[in-house]
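The values are calculated or read from the model by the stated rules, or taken from the named source; none is laboratory data. Since the structure is predicted, the reported quantities are computational estimates derived from the model, not experimental observations. Counting neighbours? That spans all protein chains shown, and the Cβs are built from the backbone with ideal geometry, glycine included. To get the accessible areas, we keep the full protein, side chains included, count just its heavy atoms, and leave off ligands, DNA and RNA. Shrake-Rupley method; radii C 1.70, N 1.55, O 1.52, S 1.80 Å.
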Amino acid sequence: MLKLDILVLSVHPDDAELGCSGTILKHIALGKKVGIVDLTRGELGTRGSAEIRDQEAAASAKILGLTIRENLSLPDGFFENTREYQLKVIAVIRKYQPSIVITNAYHDRHPDHGRANQLVETAAFLAGLRKIETQGADDVLQEAWRPDLVLHFIQDNYIKPDILIDVTEYWDKKIESIHAFGSQFHNPEWEAEPQTYISSPEFINVVAARAMEFGKSIGVKYAEGFTSRKILGVDNLFSLK
Ligand SMILES: [Zn+2]
C-alpha cells in the first residue's frame, strides 16, 4: 500500500498550485511523499474544459514531483457536505493514510472553496471511525484512518494565517506549476477566450504580493500561510522563527 505523508484535497485543479505548491515542493525536497486529489475537474470554469484541465493538472504534477494526482470527479459548483460525498473523501483518505491533509481556505471568494473545506474537515474526522465502512480497490474493506492534522491554505480572501512556511527557494517552481494551467491564467495563446478574474496579468502579481506580505512577517521573501481548527504545537521553540 502506498502511504502519503501529505495529501492535498482541494476542489479545483489549480487551487493546490495557488495555495500551497511552495509547501508541497519544500516537503518533497525533504523526502516526503506528497499527493493531490482534486475534488472536481473544474468543469464549470469559464475558460478551457474538463479535458484540458486534466492535462494541465497532469503537467503540473510532473513539475511538482507528486507521488500521485487523482480526481474524485465531484460535481463542480454543486457538491455539498453530504454523506454521499463524505464517503468518497473518506475512502481516499483511508487509501493514502496521510499524516497531514491540506485543503482549501475555510472561506473565500469562490463558494466551492469554503464548502470543500467543510467537506474535507468532516471526512477527515469521520475517516477515523471504524464503524463507517468503505471499500478500497478490489472491494476490500478499508481500515479506519484519521490524519494527525488538517491545514487550510489561503487563496483569494485575506485570512490571518496561524502558521507561515518559508517557500522562497521554491517560488519560481511554484509559478511554473501555476502556468501549467495555461487555460486559466494570463496566456497570450488564450486571448480569444473570455477574460476572468484569474486570467488578467495582474492576478499573478496579487498571488506574489500576498506571499511577499506573509514572507515579510517572518523575515523571508516568500511564504505560504495556513490556518488550522486545532491549536498547533512544535517540538521546541527553535522550530519557530
Ligand atoms: Zn478554486
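A few remarks follow.
- For region 135-241, the square roots of the Cα gyration tensor eigenvalues, ordered a ≥ b ≥ c, give a/c of at least 1.5 with a/b no greater than b/c, which places it in the oblate category.
- Those trypsin sites (Lys or Arg not before Pro) in region 1-71 that DSSP places in a loop and that have at most 16 other beta carbons within 10 Å: K3, K32
- Charged-residue dipole, Cβ positions (Lys, Arg, Asp, Glu), region 1-122 about Cα centre, Debye nearest 20: 500 debye
- Scattering profile of region 5-61 at q = 0.14, 0.17, 0.26 Å⁻¹ [log10 I(q)/I(0), Debye over alpha-carbon scatterers]: -0.38, -0.54, -1.05
- For a modelled paramagnetic label at L141, 7 Å from Cα along Cα-to-Cβ, the residues of region 86-126 in reach, with backbone nitrogen under 17 Å, are 91, 94-95.
- The Cα trace of the chain gives Rg and Dmax of 17.3, 54 Å, the first to one decimal, the second as a whole number.
- Shape of region 1-110 from the C-alpha gyration tensor: oblate (a/c of 1.5 or more and a/b not above b/c, with a ≥ b ≥ c the square roots of its eigenvalues).
- Build a GNM of the chain with springs between Cα atoms under 10 Å apart, and of E191, E43, E56 the one that fluctuates most is E191.
- Between region 55-131 and region 178-241, the Cα center-to-center distance that results, in Å: 20 Å
- These residues, F78, F238, go from largest to smallest accessible area, 1.4 Å probe, as F238, F78.
- A full extension of the chain between V234 and I132 corresponds to an added length of 33.5 nm, given 0.36 nm per residue minus the alpha carbon distance.
- Taking every alpha-carbon pair under 8 Å whose residues sit at least 6 apart, the chain reaches a relative contact order of 23 percent.
- Taking every lysine pair in region 17-134 that is 8 or more places apart or spans two chains, those with Cα atoms closer than 18 Å amount to 7.
- Comparing L87, L164, L30 in a Gaussian network model of the chain, where Cα atoms under 10 Å apart are tied by springs, the biggest mean-square fluctuation is seen for L30.
- Residue among L72, L39, L141 with the largest mean-square fluctuation in a Gaussian network model of the chain, springs linking Cα atoms under 10 Å: L141
- Heavy atoms of D166 accessible to a 1.4 Å probe, total area in Å² rounded to 10: 40 Å²
- Exposure of H27 as accessible area (Å², to 10), given a probe of 1.4 Å and all protein chains: 50 Å²
- Distant-in-sequence amide H partners of L74 (H built 1.01 Å from N, under 5 Å): T40, R41
- Each Lys or Arg adds one and each Asp or Glu takes one away; over the other residues whose Cβ falls under 10 Å from the Cβ of I165, this sums to -1.
- Each of K62 and K3 was given a label point 7 Å from its Cα along the Cα-to-Cβ line. The distance between the two points is 3.1 nm.
- Take the chain with all the other protein chains still there, run a 1.4 Å probe, and you get 49 Å² of accessible area per residue.
- DSSP-defined antiparallel bridges as percent of all bridges, the chain, nearest 5: 30 percent
- Charged-residue dipole, Cβ positions (Lys, Arg, Asp, Glu), the chain about Cα centre, Debye nearest 20: 900 debye
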